[in-house]
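Below is one structure; the comments refer to it alone.
No lab work stands behind these numbers, since they all come straight from the coordinates. For clarity, every value in this text was computed on a predicted model and none was experimentally measured. FYI the Cβ positions are ideal-geometry reconstructions off the backbone, even for glycines, and counts take in every protein chain you see.
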Amino acid sequence: MEDCVFCKIIKGEIPTEKVYETEEILAFKDIHPAAPIHILVVPKKHISMLTDLKPEDEALIGKIYTTINKIAEQEGFKKQGYRVIANCGKDSGQEVMHIHFHVLGGKKLGDKIVD
Ligand code: 5GP
Ligand code: ZN
């Protein structure tokens, strides 16, 4: 989709630090990391929000999570664990309207999920 920053990253129009890539999924480092490990995992298919997911996207979302495990293995943080956050809509503060999964780790994260 035009004017979508993550679609531009997927198309190679905006440079990024890629971590992992499949035919359907791209993972890259967040430009403003909130933890020592902060990777964004995105489907290459443009879906604006989690509330736009359709039944045909179920397999894709499953693959996102198995891909995250592969990334954790590759990047060496599988044993320590990680946190996955996916914002959806106004109350969550979603800024980029292309669904994405924040993978955070590399240190003991705070106990609170929300403030
Ligand atoms: P949201 O608040 O929508 O869940 O998170 C969007 C995330 O995308 C933010 O953590 C932000 O730092 C990241 N981000 C926004 N633009 C870019 C970019 O051009 N490149 C990269 N690597 N990350 C970006
Ligand atoms: Zn997009």
> Can you name the number of the only condition in (1) within 15 Å of ligand 2 (Cβ to nearest atom); (2) closer than 17 Å to K107 by Cα that E73 fails?
Replying inline: (1)
> Scanning the range 1-20 for residues that are within 14 Å of ligand 1 (Cβ to nearest atom) and among the acidic types (D, E), which turns out farthest from I71 (Cα to Cα)?
Replying inline: D3
>> Out of A34, A27, I need the residue that is out of contact with any helix residue (DSSP H, G or I) (no Cβ under 7 Å at 6 or more places or on another chain) and within 28 Å of I113 (Cα to Cα). Which one?
In response: A34
> Out of all the residues in the range 50-79, which are free of Cβ contacts under 8 Å to residues at least 40 places away in the same chain, out of contact with any strand residue (DSSP E or B) (no Cβ under 7 Å at 6 or more places or on another chain), surrounded by 15 or more Cβ atoms within 10 Å (Cβ to Cβ) and not in a loop (DSSP other than H, G, I, E, B)?
Replying inline: D57, I61, A72
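Look at L104 and say whether it is surrounded by 12 or more Cβ atoms within 10 Å (Cβ to Cβ) and more than 11 Å from ligand 1 (Cβ to nearest atom).
On the way: surrounded by 12 or more Cβ atoms within 10 Å (Cβ to Cβ): yes; more than 11 Å from ligand 1 (Cβ to nearest atom): no.
For L104, the condition - surrounded by 12 or more Cβ atoms within 10 Å (Cβ to Cβ) and more than 11 Å from ligand 1 (Cβ to nearest atom) - is not met.
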> If you scan the range 21-44, which residues turn out to be within 11 Å of ligand 1 (Cβ to nearest atom), part of a strand (DSSP E or B) and not small (G, A, S)?
Replying inline: L26, F28, K29, H38, I39, L40, V42
> What are the pairs, 6+ residues apart or on separate chains, where a residue within the range 20-44 that is surrounded by 13 or more Cβ atoms within 10 Å (Cβ to Cβ) has its Cβ under 6 Å from a residue that is of a type in the set (F, W, Y)?
Replying inline: A27/Y20; I37/F77; L40/F28; V41/F101; V42/F6
>> Restricting to the range 63-101, give me the number of residues that are more than 16 Å from P33 (Cβ to Cβ), among the aliphatic types (A, V, I, L, M) and within 14 Å of ligand 1 (Cβ to nearest atom).
In response: 3
